[in-house]
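A quick write-up on the structure given underneath.
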Amino acid sequence: MNKENLSREISRACGITQSLSKMVVDAFCESVTNALLRGEEVRLSGFGKFFAKYSAPSVLNTALTNKRYLLPARFTPKFVAADAFKARFKHNLGQK
């Protein structure tokens, strides 16, 4: 499912226009991105949390050229599903 499909699904589920649901999806994505850039976590009860994970600087060795590269420190966006979401997902797939 891509962003357009998601906004179409939200439009149908909420009984709103697709252009309005696209604005909602865009606002959600922008809000989550801005919160992560501020160093905040975004928690959605029963769904999961978005957060930025810090990776320390490291050295990358390449086997072919035998060169070493310094990888700078960075933050990477991450998502962890809530237990309730995982349980529902497993249940719907018939897993225990």
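The values are calculated or read from the model by the stated rules, or taken from the named source; none is laboratory data. These numbers come from a predicted model, not from an experiment. Don't worry about glycine lacking a Cβ; one is built from the backbone with ideal geometry, like all the others, and counts go over all protein chains shown.
Observations, loosely collected:
- Test: residue in the stretch 60-71 that is of a type in the set (Val, Ile, Thr), farther than 24 Å from residue 4 by Cα and over 14 Å from the mean Cα position of the chain (by Cα): yes
Yes/no per residue for (1) in a strand (DSSP E or B); (2) of a type in the set (Ser, Thr, Tyr); (3) outside the structural domain of residue 29 (by TED's automatic domain parsing):
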{"position": "46", "(1), (2), (3)": "no, no, yes"}
{"position": "51", "(1), (2), (3)": "yes, no, yes"}
{"position": "66", "(1), (2), (3)": "no, no, yes"}
{"position": "69", "(1), (2), (3)": "yes, yes, yes"}
{"position": "79", "(1), (2), (3)": "yes, no, yes"}
{"position": "85", "(1), (2), (3)": "no, no, yes"}
{"position": "89", "(1), (2), (3)": "no, no, yes"}
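- Selection count, the stretch 65-96, where residues are over 30 Å from residue 33 (Cα atoms), among the charged types (D, E, K, R) and at pLDDT below 90: 1
- Pick from the stretch 43-96, criterion free of Cβ contacts under 8 Å to residues at least 24 places away in the same chain and among the basic types (Lys, Arg), ranking: farthest from residue 29 (Cα to Cα): 67
- Selection within the stretch 1-32 - touching a strand residue (DSSP E or B) at 6+ places or on another chain (Cβ under 8 Å) and either in contact (Cβ under 8 Å) with a residue 24 or more places away in the chain or on the phi > 0 side of the Ramachandran plot (or both): none
- Identity of the residue in the stretch 24-39, of a type in the set (D, E, K, R) and in a helix (DSSP H, G or I), that ends up farthest from residue 54 (Cα to Cα): 26
- Breaking point among (1) surrounded by 10 or more Cβ atoms within 10 Å (Cβ to Cβ); (2) out of contact with any Lys or Arg (no Cβ under 7 Å at 6 or more places or on another chain); (3) of a type in the set (S, T, N, Q), for residue 66: (1)
- Qualifying residue in the stretch 13-23 (condition: surrounded by 11 or more Cβ atoms within 10 Å (Cβ to Cβ) and assigned to a strand (DSSP E or B)): no
- Verdict on residue 62 being under 30 Å from residue 9 (Cβ atoms) and either in contact with a His (Cβ under 8 Å, 6 or more places away or on another chain) or among the polar types (S, T, N, Q) (or both): no
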